[in-house]
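Engineer: Mind having a look at this structure? Questions to follow.
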Amino acid sequence: MAILLDDTKRIFTLQTDHSMYQMKADRYGVLLHTWFGNNGTSFDYSYLITYEDRGFSGNPYETENERTYSLDALPQEYPVYGSGDYRSTALKVRYPDGSNACELRYYSYQILNGKYSLPGLPAIYATEDTKADTLIITLEDTRHCFYVHIYYGVLENLDIITRAVCIENHCSDDLYFENIQSTCVDYLHGNFNFHTFYGRHVKERTHQKSPLQHGIQSIGSTRGTSSHQYNPFFILSEQDTTEDTGNCYGFSLLYSGDFSGLAEYDQYDQTRILLGIHPDNFYYCIKPGEKFYAPETAMAFSDCGLGNLSHIYHKAYRNNLCRGKYKTARRPILLNSWEGVYFDFDGDKLVQMAKDASELGVELFVMDDGWFGKRDLDVSGLGDWLVNEEKLGCTLGELSERIHKLGLQFGIWFEPECVNEDSNLYRAHPDWALQVPGKAPCRSRYQLVLDFSREDVRDYIFTHICQVLDSAKIEYLKWDFNRSISDIYSAKLPAKRQGEVAHRYILGLYDMLEKLIQRYPDILIEGCSGGGGRFDAGMLYYTPQIWCSDDTDAIERLSIQYGTSFGYPVSTMGSHVSKCPNEQTGRMTPLNTRATVAMSGTFGYELDVNQMSDEEKALVKAQIKEFKSYDSLIQNGNYYRLTDPSEAQSYHSWEFVAEDKSEALLCIVSLQIHPNGPGNYIKLKGLDPHSAYLIDGKKYPGDVLMNGGLLLPFAKAEYESFRIHITRC
Ligand code: DGJ
């Protein structure tokens, strides 16, 4: 059992193979956080807590004259607003009398076999070979209005501890919550770096590391999506932590909407982290007897650096978060029509593209935006999910049949959550779009957002999507979403409950995705939000791959995929070879390099094969053949970051190593050429030191490759790349 209990001292210790987490309900019933870090002796870690008389840090009433006991200084599991703790807190409630000062005290606990799930929300699940247990600790508010049930999932051999929160109203009045965070962890000491992943459209998840200083450092989104700008994943690391050494802690939110993540370095040099739904657009009414579930966070600890921390998340998300047929099956190598022809196509043109692609070994043809309603540009048609047979020159069934006859699978694009004002749907139901009465809505890409908090709206869209999917043989669906949400107001909810819309929207999105995967379990769904605007662990529960970025430039992709790799496995990163000059940057890169980068993701193409020379086509054919020879190594192997592209001068490099260490793939992209420059050496990682490996017919001991390194081939031109396959002899 991974949950150890000291009933008399009310100490709860959660143990995974390599980490430990501990809390203790103290003599006043305050649930203290006492440890998160190395797995070791199950000791009472509360001995580390300082009790001092602190000026201007008050004392709870029941402590009487004990001036050394202050919630303002104590490490807590779920600190609340108005308790005398003036740091950032996890919960803020508005009581029926208008007050908001709250106190929680320990009430009970429950231990369950297996991993809990959450109604309507994504959650990590246990498989047959996962050892998992659940602890639920219940706190009660001292005014006896509600319970806070804190859920802990201990996934022993995954080295993951999850947390989620359920609030239960057990009084006879409505309660309004202004903030419900999913996770709080307090560190008594430590000098931490805060690693976050920031960006913008076409530049997502750039890794940034900054030391914590007194005050609050925060990331978040109020865009209704997890966003391009910040990702709901962050890391705390100790100052000397590297890729391979040192302590670090990961916090990942399984949620796709507004979020807030922060680290507060306080007056006593303690650090508090909080992660959960962003409070700005949140004001939630919980009625008597009702429960509210806040989304799950997945926490991990590594004492051997950032690389290992990433491996923990990669394995857990690949095997215990992604679901369905494509969790393990190799994803088909696809050709997407978007950058090849944009809106400018008819059925014959698409079939020709598919034919050209099939001759090169492509397995799936995806018809992107433009096949429905009045949609020759992005100004109209969204919401009208009726096949434009006039544009295609045939029915969807006929088009799919022609593509299947070429030996290809067929996929299709949707943007279910949005509507153009120039659409039949909007003309019939303007109130189905999120907009505030009396105020003109904020448009983005000429579109508005449908109110997915409403079941009737979702049912309508779902029915129309199903009609399309049922009318043809379709094996893949791209679920896109091309704007940030604004004007959050639902015509269906009363004024006092408008603060629920943003969260209800995400629950609606999850509800519809769940229905879709239940009805079409064999369809591969790729998530997308103008590229990686909703690349998060919540979406991965429904869509096992997500289009990583609308930036397909191979060099730009180096830092995007590098940043993404800290929290997410390569198997989830949608990545394509596109044409040159690149559509986003105008840069020229060799076709080989574009493939090196796209292969380090789900691998596909996004160009018009018809425009390629015979030489290029031959290269593509060879790339596809090569990819198929080590696809499982890429999809399931351990991914090692060997260089940081923001620091790399001459080249950037990364490596995949099979779980059993029998083979590896080393990828190198040259960035700058220095004539007559020094040799470049790279030390491999993750090999078996006691085995010999073959590289280009030459034998090297594993330890030599990891200690002495490998002399890299001399690049002859900028952006040249190399893929070096290494096999154990
Ligand atoms: C944004 C996506 O990221 C692109 O790949 C493409 O599908 C367009 N939308 C289509 O409108």
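Engineer: Which of the residues spanning the stretch 386-427 are of a type in the set (A, V, I, L, M, F, W, C), outside any loop (DSSP other than H, G, I, E, B) and open to solvent by 10 Å² or more (accessible area, probe 1.4 Å)? First the steps, then the outcome.
Structural biologist: The initial filter retains those residues of the stretch 386-427 that are of a type in the set (A, V, I, L, M, F, W, C), namely 386-387, 392, 394, 396, 399, 403, 406, 408, 410, 412-414, 418-419, 425.
Going one step further and asking which of them are outside any loop (DSSP other than H, G, I, E, B), we end up with 387, 392, 396, 399, 403, 410, 412-414, 418-419, 425.
Result: VAL387, single match.
Engineer: A follow-up question, please. In the list VAL366, VAL351, which residue meets the criterion of being among the β-branched types (Val, Ile, Thr) and outside any helix (DSSP H, G or I)? Quick ask: steps written out before the conclusion?
Structural biologist: On the way: VAL351 fails: outside any helix (DSSP H, G or I).
Being among the β-branched types (Val, Ile, Thr) and outside any helix (DSSP H, G or I) holds for just one of VAL366, VAL351, which is VAL366.
Engineer: Then there is this: Looking only at residues in the stretch 488-515 that are open to solvent by 20 Å² or more (accessible area, probe 1.4 Å) and assigned to a loop (DSSP other than H, G, I, E, B), which one is farthest from the ligand (Cβ to nearest atom)?
Structural biologist: Ranking the candidates gives PRO494 first.
Engineer: Going by what's in this entry, would GLY383 be described as part of a loop (DSSP other than H, G, I, E, B), open to solvent by 20 Å² or more (accessible area, probe 1.4 Å) and on the phi > 0 side of the Ramachandran plot?
Structural biologist: no
Engineer: Does GLN447 satisfy the criteria of being open to solvent by less than 20 Å² (accessible area, probe 1.4 Å) and either away from the ligand (no atom under 16 Å from the Cβ) or touching a residue at least 60 places away in the same chain (Cβ under 8 Å) (or both)? Lay out the reasoning, then the answer.
Structural biologist: Values: open to solvent by less than 20 Å² (accessible area, probe 1.4 Å): yes; either away from the ligand (no atom under 16 Å from the Cβ) or touching a residue at least 60 places away in the same chain (Cβ under 8 Å) (or both): yes.
Criteria met by GLN447.
Engineer: Suppose we keep only residues that are part of a loop (DSSP other than H, G, I, E, B) and of a type in the set (D, E, K, R) within the stretch 62-86. Which one would you say is surrounded by the fewest Cβ atoms within 10 Å (Cβ to Cβ)?
Structural biologist: To start, the set of residues in the stretch 62-86 that are part of a loop (DSSP other than H, G, I, E, B) comprises 64-75, 77-79, 81-86.
Filter once more, so that each one left must be of a type in the set (D, E, K, R): 64, 66-67, 72, 77, 85.
Numbers: GLU64: 9, GLU66: 13, ARG67: 15, ASP72: 18, GLU77: 27, ASP85: 22.
By that ranking, first place goes to GLU64.
Quick grid of which residues meet (1) among the charged types (D, E, K, R); (2) within 16 Å of the ligand (Cβ to nearest atom); (3) open to solvent by less than 10 Å² (accessible area, probe 1.4 Å):
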{"site": "ASP522", "(1), (2), (3)": "yes, no, no"}
{"site": "SER529", "(1), (2), (3)": "no, yes, yes"}
{"site": "GLY538", "(1), (2), (3)": "no, no, yes"}
{"site": "CYS548", "(1), (2), (3)": "no, yes, yes"}
{"site": "ASP551", "(1), (2), (3)": "yes, yes, yes"}
{"site": "GLU556", "(1), (2), (3)": "yes, yes, no"}
{"site": "PRO569", "(1), (2), (3)": "no, no, yes"}
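Engineer: What pairs come out if I take residues in the stretch 338-352 that are farther than 16 Å from GLN611 by Cβ and pair them with residues that are among the acidic types (Asp, Glu) whose C-beta lies under 7 Å away, six or more apart or interchain?
Structural biologist: PHE343/ASP369; PHE343/ASP376
Engineer: Within the stretch 339-369, track down each residue that is within 14 Å of the ligand (Cβ to nearest atom) and surrounded by fewer than 23 Cβ atoms within 10 Å (Cβ to Cβ). Break it down into steps so the answer makes sense when it comes.
Structural biologist: Taking the stretch 339-369 and keeping what is within 14 Å of the ligand (Cβ to nearest atom), we get 339-345, 366-369.
Scanning the stretch 339-369 gives GLU339, VAL341, TYR342, PHE343, ASP344, PHE345, ASP368, ASP369.
Engineer: Looking at the stretch 271-283, can you tell me whether even one residue there is under 14 Å from the mean Cα position of the chain (by Cα) and either of a type in the set (Val, Ile, Thr) or not assigned by TED's automatic domain parsing to the domain that holds THR89 (or both)?
Structural biologist: no
Engineer: Further, regarding this structure: What about TYR107, is it open to solvent by less than 70 Å² (accessible area, probe 1.4 Å) and either under 30 Å from SER256 (Cα atoms) or aromatic (Phe, Trp, Tyr) (or both)? Break it down stepwise before answering.
Structural biologist: Details: open to solvent by less than 70 Å² (accessible area, probe 1.4 Å): no; either under 30 Å from SER256 (Cα atoms) or aromatic (Phe, Trp, Tyr) (or both): yes.
No, not satisfied.
Engineer: Which fully enclosed strands (runs of 3 or more DSSP E) of the stretch 144-196 have 2 or more residues being of a type in the set (D, E, K, R)? Quick ask: steps written out before the conclusion?
Structural biologist: Working: elements: 146-155, 160-169, 175-187.
It comes to 160-169, 175-187.
Engineer: Cβ-Cβ below 7 Å, separation at least six or inter-chain, first residue in the stretch 122-135 and crowded, with 16+ Cβ neighbours inside 10 Å, second aromatic (Phe, Trp, Tyr) and in a loop (DSSP other than H, G, I, E, B): which pairs?
Structural biologist: Close Cβ pairs (under 7 Å, with a partner that is aromatic (Phe, Trp, Tyr) and in a loop (DSSP other than H, G, I, E, B)) amount to PRO122/TYR541; THR134/TYR116.
Engineer: If a residue must be open to solvent by less than 20 Å² (accessible area, probe 1.4 Å) and not hydroxyl-bearing (Ser, Thr, Tyr), how many such residues does the stretch 322-338 contain?
Structural biologist: Qualifying residue count for the region: 7.
Engineer: Take the residues in the stretch 172-203 that are under 27 Å from LEU74 (Cβ atoms) and of a type in the set (A, V, I, L, M, F, W, C); name whichever of them is surrounded by the most Cβ atoms within 10 Å (Cβ to Cβ).
Structural biologist: Within the stretch 172-203, the match that is surrounded by the most Cβ atoms within 10 Å (Cβ to Cβ) is CYS184.
Engineer: Quick check on ASP141: is it surrounded by 14 or more Cβ atoms within 10 Å (Cβ to Cβ), assigned by TED's automatic domain parsing to the domain that holds TYR28, within 24 Å of LEU262 (Cα to Cα) and touching a Leu at 6+ places or on another chain (Cβ under 9 Å)? Before the answer, list the steps.
Structural biologist: On the way: surrounded by 14 or more Cβ atoms within 10 Å (Cβ to Cβ): yes; assigned by TED's automatic domain parsing to the domain that holds TYR28: yes; within 24 Å of LEU262 (Cα to Cα): no; touching a Leu at 6+ places or on another chain (Cβ under 9 Å): yes.
Here the answer is no, as ASP141 does not meet what is asked.
Engineer: Is at least one residue of the stretch 458-469 more than 16 Å from the ligand (Cβ to nearest atom), part of a loop (DSSP other than H, G, I, E, B) and out of contact with any helix residue (DSSP H, G or I) (no Cβ under 8 Å at 6 or more places or on another chain)?
Structural biologist: no
Engineer: Quick one: would you say SER453 is within 16 Å of the ligand (Cβ to nearest atom), outside the structural domain of ASP378 (by TED's automatic domain parsing), assigned to a loop (DSSP other than H, G, I, E, B) and modelled with pLDDT of 95 or more? Talk me through it step by step, then tell me what you get.
Structural biologist: On the way: within 16 Å of the ligand (Cβ to nearest atom): no; outside the structural domain of ASP378 (by TED's automatic domain parsing): yes; assigned to a loop (DSSP other than H, G, I, E, B): yes; modelled with pLDDT of 95 or more: yes.
Against the criterion (within 16 Å of the ligand (Cβ to nearest atom), outside the structural domain of ASP378 (by TED's automatic domain parsing), assigned to a loop (DSSP other than H, G, I, E, B) and modelled with pLDDT of 95 or more), SER453 does not qualify.
Engineer: Any residue at all in the stretch 605-623 that is within 16 Å of the ligand (Cβ to nearest atom), open to solvent by less than 20 Å² (accessible area, probe 1.4 Å) and not hydroxyl-bearing (Ser, Thr, Tyr)? So that I can check it myself, show each step before the final result.
Structural biologist: If we filter the stretch 605-623 for residues that are within 16 Å of the ligand (Cβ to nearest atom), which is where we start, we get 605-608.
From what's left, open to solvent by less than 20 Å² (accessible area, probe 1.4 Å): 605-607.
Checking the rest, the ones that are also not hydroxyl-bearing (Ser, Thr, Tyr) come to 606-607.
Looking for residues that are within 16 Å of the ligand (Cβ to nearest atom), open to solvent by less than 20 Å² (accessible area, probe 1.4 Å) and not hydroxyl-bearing (Ser, Thr, Tyr), one finds at least one in the stretch 605-623, hence yes.
Engineer: Right, here's the next one. How about the stretch 282-314: which of its residues are among the hydrophobic types (A, V, I, L, M, F, W, C) and part of a strand (DSSP E or B)?
Structural biologist: In the first step, residues of the stretch 282-314 are kept if they are among the hydrophobic types (A, V, I, L, M, F, W, C); the result is 282, 285-286, 292, 294, 298-301, 304, 306, 309, 312.
Answer for the stretch 282-314, where residues must be among the hydrophobic types (A, V, I, L, M, F, W, C) and part of a strand (DSSP E or B): CYS285, ILE286, PHE292, ALA294, ALA298, MET299, ALA300, PHE301, CYS304.
Engineer: Restricting attention to the stretch 24-60, and to residues there that are out of contact with any Asp or Glu (no Cβ under 9 Å at 6 or more places or on another chain) and farther than 26 Å from LEU5 by Cα, which single residue is least open to solvent (accessible area, probe 1.4 Å)?
Structural biologist: GLY55
Engineer: Same structure, new question: With respect to GLU363, determine if the residue is among the acidic types (Asp, Glu) and touching an Asp or Glu at 6+ places or on another chain (Cβ under 6 Å). Steps first, please.
Structural biologist: Details: among the acidic types (Asp, Glu): yes; touching an Asp or Glu at 6+ places or on another chain (Cβ under 6 Å): no.
Against the criterion (among the acidic types (Asp, Glu) and touching an Asp or Glu at 6+ places or on another chain (Cβ under 6 Å)), GLU363 does not qualify.
The values are calculated or read from the model by the stated rules, or taken from the named source; none is laboratory data. For clarity, every value in this text was computed on a predicted model and none was experimentally measured. Backbone-built Cβ (ideal geometry, glycine too); neighbour counts: all protein chains shown. Accessible surface is based on the protein model in full, side chains and every heavy atom, while ligands, DNA and RNA are left aside. Shrake-Rupley method; radii C 1.70, N 1.55, O 1.52, S 1.80 Å.
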